[in-house]
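What follows is a short report on a single structure.
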Amino acid sequence: MSEVVTTERVGAVALIALDNPPVNAASHALRNGIQDAIATLDADPEVKVIAIYGKGRTFIAGADIREFGKPPKEPHLPNLCTQIENCATPVISILHGTTLGGGLEVAQATHARIGITGVKVGLPEVLIGIMPGAGGTQRTPRLTGVPAALDMITSGRHVPTEEAHKIGLLDQVVDLEPRAAALSAAQDVLDGKLETRRTGQIAVTPDEAAITEWRTRMAAKHPNLISPLKCVDGVAAATLPIAEGMAEERRLFTDCMDSPQRAGLIHAFFAERAVAKIPEATATSRDIASIGVIGGGTMGSGIATAALMAGLPVALIERDQQAMDKTAATITGNLDGAVKRGKMTAATRDTILADRLTLATDFATLNTADLIIEAVFEEMEIKKEIFARLDTIAKPGAILASNTSFLDIDEIAAGTSRPADVLGLHFFSPAHIMRLLEVVVGAQTDPGVVATGFALAKKLRKVGVRAEVCDGFIGNRILAHYRKVADYLVMDGASPWEVDSALEDFGFAMGPFAVSDLAGLDIGWATRKRLAATKPPEERDVVIADRICENGWFGRKTGKGYYVHDGRDSSPNPVVDQIVEAERKAAGITPRDFTDDEIVNRYMTAMISEAARVIEDGIALRPIDVDAVYLFGYGFPRFRGGPLFYADQIGAATLVERIHTYAEEDAHYWQVPDILHQMARNGTAFADLNKES
Ligand code: 3HC
Ligand code: NAI
């Protein structure tokens, strides 16, 4: 018997135990082990019932995703499911933890399913660009009916125990350890108290209306994705006899597997986990039982909300009563939103506001906080002054963090007597919703402080990514570079809406000009004024945004910007056309046409170039860290895996060629990063750098 699958006999009952940590993924070894165990036990006349359960934290959490993209090895999961379903001896399964994907499919092929209280079941394949491929689209509708199956399979959501019982996925729910539950349920089968049946033999009631409705919904909701529609097609085939339905499912599943979207989405899945692998992972983190926040504006109130929602008490300092009132209203509004979205109860919100939030103007209120996050205006002098005050107030061992977007953490830390306790914790707006947290490590930051930053990210259910100090860290440094290309494209002939639409078709939720209107054009205007003196003379001048601002148009908040905004609707601002035309004329530019591909290629090549420099300079640990920053903080299309995963799909040689071509027009902006040159020469890729660490 294999190491991951063991069997045990207790009278007429045979137990199959699965032990493939951490999540009992259905790897080749596990599939092989189950196949052998079922074959052996089914042939044994003394075995009257077989029960499969998982050791560790879960029953099978799905196929082993790491095997995808490699040549598949027998036994294949669908065949194993068929073998289990056809087994003459009754087979039951005991589900605990997160029984997902191929794990739920194995369970559906057994003849009865016992849920252990707390188990969550689901078919999350759609989230990684595929669909259930081991009978999930065929057996789920047989157990739950078509609408419930469509809901589960197209959303990938985890269904809680009670609901799973109610919709027919579980036959019993018990509150026992998995092995004890297996023995008890097997005895119920022997005693005739638990009925067993073959799922494949249950007839599906056809529901054409639901199929049509879900097809329309998926096409509208996921215009760029292929797997949600394939999921619906799979369920539609469930009215066929099981073997024919399984064959159709396999055909659809293979289409998904062969799609580049599958590779991109799986890269995104691993990116979320890879970023936790940091050099400081083994350092002892400090306990964080309370948080201080300074500044209750856009970011401070969002950070406070995130901490409160994670159960942490928060003391927030503002400048005066008026500002405190505004902060209190924002936090209350954020929590109301969480109640509306079903993330918390109204009673929890009330407790949080009454017991866990303190608003004050006196810095001394922070003298017991374990971690203090500064989120005041983006000015070095103000930040330095705040950190000097914190140095005198914060208790020994307290961590002092800045939420700065661009500023030098080492310079901020140098103003304190405890630079080892200082780091950057860069949240993204809205901070209680966006998942990214850049953990910015200064030259003197203590490893334990870094580890605490990552522990905090986890507690806040965010994705922490390690960044070193530079202007803008990982995300904003790259953004500051490639955003210019959107302006250059407009100067040279594209309209802002052409640029936006090309990038939205590529998969971004919003194009760069729509984002500018949302964020407020005044912010960029102020930054440009501040940095005007430091701008290199060779850099192209684009003043279109300044001209728009001079009209008092700052985007959505003033009703006009690049677009005219009317409630949720927006249309191109015709005056912007005139401004653009005048600016082109003044610069002596004859406008030319750009295809969508040309727009996307220039924009993405600029993004990749600066991302490559971020790797070269050691600001990010690995290319996959840059991908995570863009996926979780900048709305990068998940199915494309992140900028550097996407770069590998294009290839370094092509990227170098593109940059050389663009440089003929603007040699200052378009320069080939050394690392890209090397990759083009050696035939290597960013993925190779992910493997090295
Ligand atoms: N295959 C391979 N490795 C997996 C895996 C899987 N299906 N699921 C999780 N892992 C790995 C993770 O990468 C991580 O590895 P690391 O420690 O080296 O980083 C480790 O297991 C623990 O995972 P998490 O950190 O995510 O642990 P959590 O407790 O937070 O979450 C989970 C557990 C809910 C199971 C979550 O890991 C998850 O959602 N996994 C994916 C489940 C999934 O998508 N299943 C369907 C697979 S596709 C399929 O079954 C196809 C079939 O229809 C044919
Ligand atoms: P904001 O202007 O909305 O809020 C700043 C708040 O700080 C104001 O409410 C102000 O009253 C308060 N404040 C100023 N000086 C203070 C003092 N001495 N004591 C107490 N409170 C004081 O600014 P925002 O947007 O929240 O930005 C804050 C910081 O977060 C900046 O460093 C910014 O760069 C950074 N950041 C901003 C993001 C954004 O999208 N707005 C995203 C990520 C970081």
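Quick notes
- Remark on residue 49: its backbone amide H falls under 5 Å from those of 14, a criterion applied only to residues 5 or more positions apart or on other chains, H modelled at 1.01 Å from N.
- Under 5 Å from the amide H of residue 560 lie the amide H atoms of 554, 555, 565, each residue being 5 or more positions distant or on a separate chain, with H modelled from the backbone and absent for Pro and chain starts.
- HN-Hα J in Hz across the stretch 603-609 - Karplus 6.51, -1.76, 1.60, θ = phi - 60°, x for Gly and Pro: 4, 5, 5, 5, 5, 5, 4
- Of the residues 630, 654, 673, the one whose Cα sits farthest towards the positive end of the charge dipole of the stretch 629-675 is 630 (charges of +1 on Lys and Arg Cβ, -1 on Asp and Glu Cβ, taken about the Cα centre).
- Average accessible surface for the chain: 43 Å² per residue, computed with a 1.4 Å probe over protein heavy atoms with every protein chain in place.
- For the chain, the dipole from Cβ point charges (+1 on Lys and Arg, -1 on Asp and Glu) about the Cα centre works out to 1260 debye, to the nearest 20.
- Within the chain, DSSP assigns beta bridges of which about 30% are antiparallel (rounded to the nearest 5).
- At the residue level, residue 348 shows approximately 50 square angstrom of accessible surface with a 1.4 angstrom probe and all protein chains present.
- In this simple spin-label approximation, residue 209 and residue 539 carry label points 7 Å from Cα along the Cα→Cβ vector, and these lie 6.1 nm apart.
- Leading residue at positive end of dipole, the stretch 5-258 (Cβ point charges), from 184, 90, 135: 135
- A simple rule links phi to the HN-Hα coupling: the Karplus curve 6.51 cos²θ - 1.76 cosθ + 1.60 with θ = phi - 60°, which for the stretch 160-172 gives x, 3, 4, 5, 4, 5, 5, 8, x, 7, 10, 8, 8 Hz, with x for Gly and Pro.
- Per-residue ellipticity at 222 nm computed for the chain from its helices equals -15000 deg cm²/dmol, with DSSP H segments shorter than 4 residues left out and the rest contributing -39,500 (n - 2.57).
- Farthest positive-ward along the chain dipole, Cα basis, beta-carbon charges - from 205, 476, 454: 205
- For the pair residue 343 and residue 519 in one chain, pulling the backbone fully straight at 0.36 nm per residue adds 60.8 nm over the alpha carbon distance.
- Phi angles across the stretch 518-532 convert, under the Karplus curve 6.51 cos²θ - 1.76 cosθ + 1.60 with θ = phi - 60°, into 3J(HN,Hα) values of 6, 6, x, 5, 5, 5, x, 4, 4, 5, 4, 5, 5, 9, 3 Hz, Gly and Pro given as x.
- The distance separating the Cα centre of the stretch 651-671 from that of the stretch 214-228 comes to 36 Å.
- Taking the centroid of alpha carbons for each part, the stretch 143-187 and the stretch 449-517 are 41 Å apart.
- Cα centroid separation, the stretch 337-354 to the stretch 58-107: 39 Å.
- Ranked by the mean number of other Cβ atoms within 10 Å per residue, highest first, peptides 195-206, 632-643, 527-538, 264-275 order as 632-643, 264-275, 195-206, 527-538.
- Taking label points 7 Å from Cα along the Cα-to-Cβ direction, residue 598 and residue 177 give a separation of 7.0 nm.
- Alpha-carbon spread of the chain, three principal axes, descending order, Å: 88, 61, 51
- The stretch 430-504 shape via C-alpha gyration tensor axes, a/c threshold 1.5: oblate
- Radius 9 Å from Cβ of residue 253, net charge of other residues (Lys, Arg +1; Asp, Glu -1): 0
The values are calculated or read from the model by the stated rules, or taken from the named source; none is laboratory data. Note that this is a predicted model, so its numbers are computed, not measured. Cβ atoms come from the backbone with ideal geometry, glycine included; neighbour counts cover every protein chain shown. For the accessible areas, the whole protein counts, side chains as well, though only heavy atoms, and no ligand, DNA or RNA atoms are used. Shrake-Rupley method; radii C 1.70, N 1.55, O 1.52, S 1.80 Å.
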